[in-house]
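Novice: Shown below is the structure under consideration.
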Amino acid sequence: MSYLFPNYQRKELELVKGDKNTLTDRSGKSYLDFTSGIGVMNLGYNDSELNQALADQANLLWHTPNLYENQLQEQTAMKLANKKEYLSYFCNSGAEANEAAIKLARKATGRTKIISFTNSFHGRTYGAMSATGQASIHAGFEPLVPDFVYLPYNELEPLLAEVDQKTAAVILELIQGEGGVIPADNQWIQDVQSLCHKYGALLIIDEIQTGIGRTGTLYAYENYQIKPDIFTLAKGLGNGIPVGAMLGKSSLAQAFGPGSHGSTFGGNKLGMRVAAKVIDRINQPEFLHEVQMKSEQLFLGLEQLAEKNAVIQTVRGKGLMIGIEFSDQAVRNQVMEQLEAEGLLTLKAGQTVLRLLPPLTITHEEIAQGLKMLEKVLSNLATQTSLTELAELK
Ligand SMILES: *Cc1c(COP(=O)(O)O)cnc(C)c1O
């Protein structure tokens, strides 16, 4: 028996070792990783520089409370601001970062209404769950935090009707991750920002999955030429060490004064030491350019496969955050299973999407390998399907 709550649907697979972009399971089988955990291991596994940073800090000091100054937090915050006027608050997860964002938005505006979008995902704690526009995630946990409104994503009319002088914030992902790798339209985002400015509502961008180089720039919002009032980070920030962050314009400082919010572990020295290194490595023009080149290679290969395989409806995303939409769920699941058997780990998103989030350190050769495995699985599937059709005809 298991002593764990059954709240996760787990595969019968345990990964016990990782190196670069490869994982090994208990039986010794190895897999090429196109998941990065779930968008966490952006610099891959067993990275010697990160191992060293963690070990150095572990040998020096693990923890001090936020009652004292913390230069590691200062350094990490400066790197995250990336020469812009953003202040950081550190926590331990994505949901916590969004909790901080929601609290800050309400406190700073004195308003309560928060607009979010259907199929969004912002986390599982009460505030973050209330911001999440998915009924299946709310089920059984009502009443939610009041004054959250859910509108259709990428649509302007419903937003025009809803955003007003009572709106504290609009919160959104620039590419809905869990919802199915759905990118926001550029024009819509510009309109969302203008509406926020017009009514004095804050624009919160959830970059928990899209941030830290995932889409080929340090933050996805750079692709949209917008300036969020608040944005949140977690997944890739600590490369597996739990770190979350909420960044807000420095003009919001007063609303988060002493005693307003906090976390015992938030900004702890182990996490900060690693996060600072992660940002240093990823926020380099050459590194980000490579991510873009690898993205082009992967998209090109996937589009070629889509042309030859009718089961693929569309390929979408940005950088190394890619969704392959299949004709139906059963096919998607079958492809995913067979890829795992071949030695390629992938993720689901939404109902029919296969999601690829390879480490940003993935090599061109490994991308080619992954594409080959996908090609093989798809052609096996096509043979199987035509055999069944043939059998049905007889
Ligand atoms: C994963 C995710 C979260 C939640 O992060 P946790 O660390 O699991 O709390 C929130 N928003 C987005 C966009 C995510 O992808």
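Novice: For the stretch 171-237, take N as its residue count and report Rg(C-alpha) divided by 2.2 N^0.38 Å.
Specialist: Details: Rg = 11.4 Å, N = 67, 2.2 N^0.38 = 10.9 Å.
Expressed relative to 2.2 N^0.38 Å, the Cα Rg reads 1.05.
Novice: A further question on this structure: Between Rg and the Kirkwood Rh of the stretch 306-394, both from Cα atoms, what is the Rg to Rh ratio? Don't jump to the answer; show the numbers that get you there.
Specialist: On the way: Rg = 13.7 Å, Rh = 13.8 Å.
We get a ratio of 1.00 for the stretch 306-394.
Novice: Summarise the accessible area of the stretch 173-260 (1.4 Å probe, protein heavy atoms) by the percent that is carbon and sulfur.
Specialist: Its accessible area is 51 percent carbon and sulfur atoms.
Novice: Please compute the alpha carbon radius of gyration of the stretch 184-286, then divide it by the globular-protein estimate 2.2 N^0.38 Å. Two decimals is fine.
Specialist: So the Cα radius of gyration is 1.18 times the expected 2.2 N^0.38 Å.
Novice: I've got another one for you. Based on alpha-carbon centroids, what's the gap between the stretch 298-338 and the stretch 367-394 in Å, whole number please?
Specialist: Their Cα centres are 14 Å away from one another.
Novice: Using the beta-carbon distance between T118 and Q304 and R0 = 35 Å, what value does 1/(1 + (r/R0)^6) give for FRET efficiency, to the nearest 0.05? Walk me through the intermediate numbers first.
Specialist: On the way: r = 32 Å, r/R0 = 0.93.
Computed FRET efficiency for T118 and Q304: 0.60.
Novice: Cα axis of helix 269-282 to longest principal axis of the chain: angle in degrees, 0 to 90, nearest 10?
Specialist: Around 60 degrees separate the two axes.
Novice: Report the label-to-label distance for M78 and K348 in nanometres (one decimal), using points 7 Å from each Cα along the Cα→Cβ vector.
Specialist: Label at M78, label at K348, 4.6 nm between them.
Novice: Additional query: In nm, to one decimal, how far is the N59 label point from the K394 one, both placed 7 Å along Cα→Cβ?
Specialist: Reported label-point gap for N59 and K394 is 6.9 nm.
Novice: Mind checking the alpha-carbon convex hull of the stretch 23-87 and giving the volume per residue in Å³?
Specialist: That works out to 162 Å³ per residue.
Novice: Straight-line reach from K107: which lysines fall under 22 Å, measuring Cα to Cα and dropping same-chain residues less than 8 apart?
Specialist: Counting by Cα, and skipping residues close in sequence, K107 has these lysines nearby: K166, K198, K227, K249.
Novice: Calculate I(q)/I(0) for the stretch 89-223 by the Debye formula, one identical point scatterer on each C-alpha and no solvent, and give its log10 at q = 0.10, 0.12 Å⁻¹ to two decimals.
Specialist: These q points yield log10 I(q)/I(0) values of -0.29, -0.42.
Novice: Determine the gain in length on full extension of the stretch K198-Q225; use 0.36 nm per residue of separation and subtract their C-alpha separation, reporting nm with one decimal. Mind dumping the intermediate values first?
Specialist: Working: separation 27, 0.36 × 27 = 9.72 nm, distance 1.78 nm.
That works out to 7.9 nm of additional length.
Novice: Still on this structure, please answer the following. Would you mind getting the accessible area per residue of the chain, heavy atoms of the protein chains only, 1.4 Å probe, in Å²?
Specialist: Each residue of the chain exposes 47 Å² on average to a 1.4 Å probe.
Novice: If you don't mind, another one. From largest accessible area down, sort E290, E162, E69; use a 1.4 Å probe on the protein chains.
Specialist: E69, E290, E162
Novice: Ordered by packing density, taken as the mean number of other Cβ atoms within 10 Å over each peptide's residues, highest first, how do 74-84, 168-178 rank?
Specialist: Sorting 74-84, 168-178 by mean packing, highest first, produces 168-178, 74-84.
Novice: Once R0 is set to 35 Å, what does the formula 1/(1 + (r/R0)^6) return for the Cβ-Cβ distance between V145 and K372, expressed as a FRET efficiency to the nearest 0.05? Kindly include the intermediate steps, with their values, before the conclusion.
Specialist: Details: r = 47 Å, r/R0 = 1.35.
So, using R0 = 35 Å, E works out to roughly 0.15.
Novice: OK, next. Normalise the Debye intensity by I(0) for the chain, one equal point scatterer per Cα, no solvent, then take log10 at q = 0.10, 0.12, 0.14, 0.15 Å⁻¹ and round to two decimals.
Specialist: Those come out to -0.68, -0.97, -1.29, -1.44, one per q.
Novice: Follow-up question, since we're still on this one. Calculate the length of the line joining the C-alpha centroid of the stretch 1-76 to that of the stretch 163-215, in whole Å.
Specialist: If you average the Cα positions of each part, the centres end up 29 Å apart.
Novice: If you take the beta carbon distance between Q284 and K166 as r and set R0 to 35 Å, what does 1/(1 + (r/R0)^6) give as a FRET efficiency, to the nearest 0.05?
Specialist: Numbers: r = 43 Å, r/R0 = 1.23.
E(calc), rounded to 0.05, equals 0.20.
Novice: Then there's this: Report the label-to-label distance for N154 and Q134 in nanometres (one decimal), using points 7 Å from each Cα along the Cα→Cβ vector.
Specialist: So the label points at N154 and Q134 sit 1.8 nm apart.
Novice: Keeping every protein chain in place, order D185, D33 by accessible area at 1.4 Å, biggest value first, i.e. largest first. Each step should come with its number before you reach the end.
Specialist: Details: D185 80, D33 0 Å².
Per-residue accessible area, sorted high to low, gives D185, D33.
Novice: Something else about it: If you rank Y68, Y219 by how much accessible surface each has, with a 1.4 Å probe, what is the order from largest down?
Specialist: Working: Y68 145, Y219 5 Å².
Largest to smallest exposure gives the sequence Y68, Y219.
The values are calculated or read from the model by the stated rules, or taken from the named source; none is laboratory data. This one's a predicted model, so the numbers in the text were calculated from it and none came from an experiment. So basically every Cβ, Gly included, is an ideal-geometry build from the backbone, and we count neighbours across all protein chains shown. Protein only, heavy atoms only, side chains kept; ligands, DNA and RNA dropped before computing areas. Shrake-Rupley method; radii C 1.70, N 1.55, O 1.52, S 1.80 Å.
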